[in-house]
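Below is one structure; the comments refer to it alone.
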Amino acid sequence: MTTYPFDPTPEAQIASRINAARKKMAAQHINALFLTHKPDIFYFSGTAQDCYLYIQQDQEPILFVKRYLPRVLQETSLIQIEPIESIKNIPQLIELKFNRLPKSCGLAFDVVPVRDFNFYKKLFKSSNWVDCSPIIDSCRQIKSPWEISQMEKAARVSRQTYAWMQKNIKPGISEMEFCGMFEAFSRTLGHSGKLLTRHYRLEGFPFHLMSGTNGGLPGALDSPVCGTGTSNAYPYGAGPKLLKENEPILIDFGTVLNGYHMDESRMFVMGKMDQKALDASNASIEILHRTMEKMVPGIPFSEIFNTAVASSKTLHLEEQFLGLPDLKSKFIGHGIGLELVEAPIIAKERKTCLEPGMVFAVEPKFIFKDQFAAGIESVIYITEQNSRFLSLTENKIFFC
């Protein structure tokens, strides 16, 4: 076969992840997991081919491969690999291997459609299905040093792309056109293009640009800022408006490399930014740093959120912080890794505490209705003692 161009996920990574899942399964008395969601399968096996992954507490996991077996064999370190013509073959193969179907079997209820769930119930007639989403989330939200190294590679692509934006942004280009230009450049660096999100109502897109008054337009996006979008059918992100000199421009750029995401926002201006927008842009940077200082292991998410809000009050910008008064976001940051937005979420009411290995995109942003948006977003890694930026793009305003 042709020499494979990609490095596999290290065997030790896969083994460690499966062992972590098994411990959590044992604690919850779940006999097996049946994974159907591509990012979850990739996380625990190293391949995103057309497969299903079965993890049992006391046996080697089985990767059921529909297509394409030769690539799976190069990509995964798992030992038990079973080619199948149909998913209907899986229960019979499990019974042949282990003499039984699992009494309780975990399925990711947060991503499996109802129709598929009903189909799986008919296939595994003697199994009791339970939600294993919390197990998957708790495994995936703690990043290993190897995963951090993958995210740092994505951070380098993002930094290079922002540098390209600063050199190439020009008045008279539409928001949509400029997004296409910098996305095309980023693709030359390995950007995969497609951003993954876990919730079926949430779309990931790399071209989130809001210039001037478009930044002051609220909308459907669960974010402090929205933009016009390309049409009524796609009402968020960049639109047809032309970029102008001396207006504040917020560019939120999502990067994915080797499956791992970065999510960053920076303010741009071609010429001189007016004082109100300049003050808000600098305030967002200050809030980002104040928030990161609070982000140490053991601190509840709610305290981090409250720190950001309190900082906006001291800067006299609470009214515009995190959205309009009746549309304020209830989170200041979200987990990020194999999906652009994943667990956990740093939200207003969450008492969960930070743990070493967690990674968050933290996004203090302001909206001034019908005027402009201002903000910043950087990725922060929780270490054993404190936290540090994974983002390599400088936390600054880009003057062009």
Please go through the range 1-50 and pick out each residue that is over 23 Å from the mean Cα position of the chain (by Cα), assigned to a helix (DSSP H, G or I) and polar (S, T, N, Q).
ASN19
Can you work out which of the residues in the range 125-159 that are of a type in the set (Asp, Glu) and within 17 Å of ILE18 (Cβ to Cβ) is surrounded by the fewest Cβ atoms within 10 Å (Cβ to Cβ)?
ASP137
Scanning the range 187-214 residue by residue, the ones that are in a loop (DSSP other than H, G, I, E, B), in contact with a Gly (Cβ under 7 Å, 6 or more places away or on another chain) and of a type in the set (A, V, I, L, M) total 2
Failed condition for LYS121, given (1) surrounded by fewer than 18 Cβ atoms within 10 Å (Cβ to Cβ); (2) in contact with a Phe, Trp or Tyr (Cβ under 8 Å, 6 or more places away or on another chain); (3) closer than 17 Å to PRO61 by Cβ, with all others met?
(3)
So which residues in the range 166-203 are touching an Asp or Glu at 6+ places or on another chain (Cβ under 9 Å) and closer than 29 Å to PRO5 by Cβ, if there are any at all?
HIS191, GLY193, LEU195, LEU196, THR197, ARG198
Looking for something in contact with a His (Cβ under 6 Å, 6 or more places away or on another chain) and of a type outside the set (S, T, N, Q) - is there at least one such residue anywhere in the range 65-88?
no
Criterion first (under 23 Å from the mean Cα position of the chain (by Cα) and either within 17 Å of GLY106 (Cα to Cα) or surrounded by fewer than 20 Cβ atoms within 10 Å (Cβ to Cβ) (or both)) does PHE64 satisfy it?
no
Restricting attention to the range 223-242, and to residues there that are on the phi > 0 side of the Ramachandran plot and in contact with a helix residue (DSSP H, G or I) (Cβ under 9 Å, 6 or more places away or on another chain), which single residue is surrounded by the most Cβ atoms within 10 Å (Cβ to Cβ)?
GLY227
The condition from (1) in contact with a Leu (Cβ under 6 Å, 6 or more places away or on another chain); (2) surrounded by fewer than 21 Cβ atoms within 10 Å (Cβ to Cβ); (3) assigned to a strand (DSSP E or B) that ILE55 misses is numbered (2)
Of ALA15, ALA21, ALA26, which residue is in the same structural domain as ASP131 (by TED's automatic domain parsing) and closer than 13 Å to THR76 by Cα?
ALA15
Single residue of ILE304, ILE299, ILE346 found to be of a type outside the set (D, E, K, R), under 22 Å from ALA155 (Cα atoms) and in the same structural domain as MET151 (by TED's automatic domain parsing)
ILE346
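Looking at LEU317, LEU322, LEU338 in this structure, which one is under 16 Å from SER223 (Cβ atoms), hydrophobic (A, V, I, L, M, F, W, C) and assigned by TED's automatic domain parsing to the domain that holds SER149?
Testing whether each residue is under 16 Å from SER223 (Cβ atoms), hydrophobic (A, V, I, L, M, F, W, C) and assigned by TED's automatic domain parsing to the domain that holds SER149 leaves just LEU322.
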Selection from the range 225-265 of residues part of a loop (DSSP other than H, G, I, E, B) and aromatic (Phe, Trp, Tyr) yields TYR236
Does ALA277 satisfy the condition of being crowded, with 20+ Cβ neighbours inside 10 Å, part of a helix (DSSP H, G or I) and either not assigned by TED's automatic domain parsing to the domain that holds ALA163 or not acidic (Asp, Glu) (or both)?
yes
Yes or no: the range 71-78 includes at least one residue that is part of a helix (DSSP H, G or I), closer than 20 Å to TYR120 by Cα and touching a residue at least 24 places away in the same chain (Cβ under 8 Å).
no
Just to be sure, is ALA220 within 21 Å of the chain's Cα centre (by Cα), more than 15 Å from ASP263 (Cα to Cα), among the hydrophobic types (A, V, I, L, M, F, W, C) and surrounded by 17 or more Cβ atoms within 10 Å (Cβ to Cβ)?
no
Checked the range 325-335 for anything more than 16 Å from VAL362 (Cβ to Cβ) and either of a type in the set (A, V, I, L, M) or not assigned by TED's automatic domain parsing to the domain that holds LEU196 (or both); matches are LEU327
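The values are calculated or read from the model by the stated rules, or taken from the named source; none is laboratory data. Note that the structure is predicted; figures quoted are calculated from it, not measured. Note: ideal-geometry Cβ built from the backbone for every residue, glycine included; neighbour counts use all protein chains shown.
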